[in-house]
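Engineer: Before I ask anything, here is the structure I am working with.
The values are calculated or read from the model by the stated rules, or taken from the named source; none is laboratory data. Computed from a prediction, not measured in an experiment: that's the story for all the values here. Cβ atoms come from the backbone with ideal geometry, glycine included; neighbour counts cover every protein chain shown. For the accessible areas, the whole protein counts, side chains as well, though only heavy atoms, and no ligand, DNA or RNA atoms are used. Shrake-Rupley method; radii C 1.70, N 1.55, O 1.52, S 1.80 Å.
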Amino acid sequence: MKCDLIIIGGGLVGASLVSALIGSGLKIALIEPHEAIPIPQDNSWDSRVYAISPGSAEFLQKIGAWQLMAPERLAPVREMIVYGDDNTANIHFSAYEIGVAELAFIVENRQLQAAIWETLRSSDSNIQILCPAKCTAIDWHESHVDVHLSDGNRLQSALVVGADGVNSWVRNQAEIEISKHPYKQIGVVANFTAQLSHRHIAHQWFRRDGVLALLPLPDKRVSMVWSTTEEHAATLRNQSVEMLCQCVEEASSHTLGALQLITPPIGFPLNFVHVNKLTKPRLVLIGDAAHGIHPLAGQGVNLGLRDVRELAKILTARGKQNDCGDSMLLRRYELARKEDILALELVTDSLQKLFNNANPTLARLRNLGLAMTNRIPLIKNRLMRHALN
């Protein structure tokens with residue numbers, strides 16, 4: 001089978017790229033090893049959520065996914081309060097201050113995954129979805145790429161897009177070097193019902209044992225993301241429901257009153273991954289295959305969707321260039337994305353190291369910086385506007 005573009009990885013990023021390229025005239029194959037996620041038929045809640053920026057929401061609406069999600073499962077974030085670890089310093093972000101309706105939307109992982117895949121069901125004949133299907137080898141040639149599948153089939157393409165996650169098999173096959181260090185932290189996530197209304201405010205605490213966030217869900221529900229030490233994460237996951245609720249209540253200074261657990265806590269390891277090259281001949285990396293950042297800023301999925309937006313724009317505006325794997329197109333993508341990725345890598349990694357340090361002098365300086373930033377509207381507004389993209 002010959003095609004113009006093979007996308008390996010059908011998660012949020014890979015599937016949304018396919019959807020964004022529907023009608024582009026490109027013959028596309030999407031390869032995903034796992035079964036597609038159906039839209040849930042029950043009322044249960046997904047423990048893993050994303051903070052979707054207005055820019056990403058606009059893109060998702062453009063490809064037809066946003067409107068497929070039930071509005072009652074979405075929660076806008078209109079304010080965000082970030083607290084230092086001295087119980088006094090904080091910074092307050094408000095959508096009202098910069099003249100927008102919301103800073104972000106909190107969306108469940110499976111709801112968004114299912115909605116994006118739903119947009120592919122009515123895709124044109126140029127889209128071939130191979131799911132489940134597993135790649136076994138890639139052969140790189142000057143004019144094309146051969147992708148071998150476990151069922152013995154072989155696909156030929158002008159370009160391969162690696163969208164297969166932070167431990168990318170595609171990236172390894174291309175021998176692209178990475179810089180990686182573990183944070184020795186676990187991201188523990190769970191959902192709760194709160195006694196008090198969250199009033200569409202996201203709360204985040206930089207604590208000595210990590211970073212705790214309570215994100216608004218519909219009604220009085222909240223989603224917890226606690227990036228903490230491996231030992232503390234094990235304690236959180238193994239203790240009783242009553243003790244977990246009490247622990248989160250105390251860590252959040254009882255901001256939302258008593259909490260009741262909705263979903264059991266799950267955890268995932270946190271690592272920093274810097275990818276030295278986003279492209280190689282006949283290859284582009286997007287999403288977590290192209291970068292891995294700490295979740296403290298809640299920007300990982302938005303960074304990946306900005307990759308998609310840029311690559312889709314370049315490929316659809318290629319003009320008379322029939323070869324979508326042309327080196328000039330790939331170079332244009334890498335130049336367009338490099339600054340955004342490096343900036344978020346630097347900010348998230350630096351903040352994690354800054355607040356994960358017990359030095360008392362450094363503690364005073366970081367809390368002072370947080371309080372001072374809150375008093376400088378110009379800086380605060382720039383931070384908010386960047387996060388809207």
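Engineer: Which whole-number percent gives the relative contact order of the chain, counting Cα pairs below 8 Å spaced six or more residues apart?
Structural biologist: Numbers: 782 pairs, mean separation 84.6, N = 389.
Relative contact order of the chain: 22 percent.
Engineer: Oh, and also: If R₀ is 30 angstrom, what is the calculated FRET efficiency for the pair M328 and Q128, using the beta carbon separation as r and rounding to 0.05?
Structural biologist: Numbers: r = 27 Å, r/R0 = 0.89.
The pair M328/Q128 has a calculated efficiency of 0.65.
Engineer: How large a share of the accessible area of region 75-198, in percent, is made up of carbon and sulfur atoms when the probe is 1.4 Å and the other protein chains stay in place? Working shown, then result.
Structural biologist: Numbers: 2520 of 5610 Å².
Carbon and sulfur atoms account for 45 percent of the accessible area of region 75-198.
Engineer: Also, quick follow-up: Taking H as built 1.01 Å from N, whose amide H comes closer than 5 Å to the amide H of A202, not counting residues under 5 places away?
Structural biologist: R78, E79, M80, I81
Engineer: Show the residues, 5+ positions off or on another chain, whose built amide H is closer than 5 Å to the amide H of I129.
Structural biologist: HN-HN under 5 Å from I129: L30.
Engineer: Here's something else I'd like to know. Each residue of region 330-335 in turn: what ³J(HN,Hα) in whole Hz from Karplus with 6.51, -1.76, 1.60 and θ = phi - 60°, glycine and Pro shown as x?
Structural biologist: Working through the residues one at a time gives 5, 5, 4, 5, 4, 5 Hz.
Engineer: Spelling out what I want: for every residue of region 201-208, take phi, set θ = phi - 60°, compute 6.51 cos²θ - 1.76 cosθ + 1.60 (Karplus), and round to whole Hz; glycine and proline get x.
Structural biologist: Each residue's phi maps through the Karplus curve to give 10, 8, 10, 9, 10, 7, 10, 5 Hz.
Engineer: Still on this structure: Excluding ligands, DNA and RNA, what is the solvent-accessible area per residue of the chain at a probe of 1.4 Å, expressed in Å²?
Structural biologist: 46 Å²
Engineer: So how far, in whole Å, is the C-alpha centre of region 86-119 from the one of region 184-229?
Structural biologist: Taking the Cα centre of region 184-229 as reference, the centre of region 86-119 is 13 Å away.
Engineer: Enumerate the amide H contacts of N191 below 5 Å, restricted to partners 5 or more residues apart or on another chain; note that Pro and chain-start residues carry no placed amide H.
Structural biologist: Hits under the 5 Å cutoff: M224, I262, T263.
Engineer: With θ taken as phi - 60° and the coefficients 6.51, -1.76 and 1.60, list the Karplus ³J(HN,Hα) couplings across region 54-65 in order, rounded to whole Hz; mark glycine and proline as x.
Structural biologist: So the J values, rounded to whole Hz, are x, x, 5, 4, 5, 5, 5, 5, 4, 8, x, 8.
Engineer: Distance in nm between label sites at N359 and N381, each 7 Å beyond Cα in the beta-carbon direction?
Structural biologist: The two pseudo-label positions are separated by 3.4 nm.
Engineer: Follow-up question, since we're still on this one. What order do you get for 100-109, 157-166 when each peptide is scored by the mean count of other beta carbon atoms within 10 Å, highest first?
Structural biologist: Numbers: 100-109: 19.7, 157-166: 25.4.
Going from most to least packed, we get 157-166, 100-109.
Engineer: Here's something else I'd like to know. Can you tell me the mean projection area, over all orientations, of the convex hull of the chain's alpha carbons? Units nm², please. It would help to have the intermediate numbers written out before the result.
Structural biologist: Values: hull surface 77.4 nm².
One quarter of the hull surface, i.e. the mean projection, equals 19.4 nm².
Engineer: Extending each Cα 7 Å along its Cβ direction at H92 and E250, get the distance between those two points in nm, one decimal.
Structural biologist: 2.8 nm
Engineer: Using a probe of 1.4 angstrom, how much of the accessible area of region 268-389 is carbon and sulfur, in percent? Intermediate results must be reported in sequence, preceding the final value.
Structural biologist: On the way: 3520 of 5980 Å².
Carbon and sulfur: 59 percent of the exposed surface of region 268-389.
Engineer: Which value in deg cm²/dmol, rounded to the nearest 500, describes the helix-derived mean residue ellipticity at 222 nm for the chain, given -39,500 (n - 2.57) per DSSP H run of n ≥ 4 and division by the residue count? Before the final figure, lay out each step's value.
Structural biologist: Working: 10 runs with 127 residues, N = 389.
Helix contribution divided over all residues of the chain: -10500 deg cm²/dmol.
Engineer: As I understand it, the value is the acute angle between the Cα axis of helix 241-251 and the longest principal axis of the Cα atoms of the chain; what does it come to in degrees, rounded to 10?
Structural biologist: So the inclination is approximately 80 degrees.
Engineer: Suppose R0 equals 25 Å. What FRET efficiency, 1/(1 + (r/R0)^6) with r the Cβ-Cβ distance, do K180 and R48 give to the nearest 0.05? Please list the in-between numbers first.
Structural biologist: On the way: r = 22 Å, r/R0 = 0.89.
Working from the Cβ atoms, E equals 0.65.
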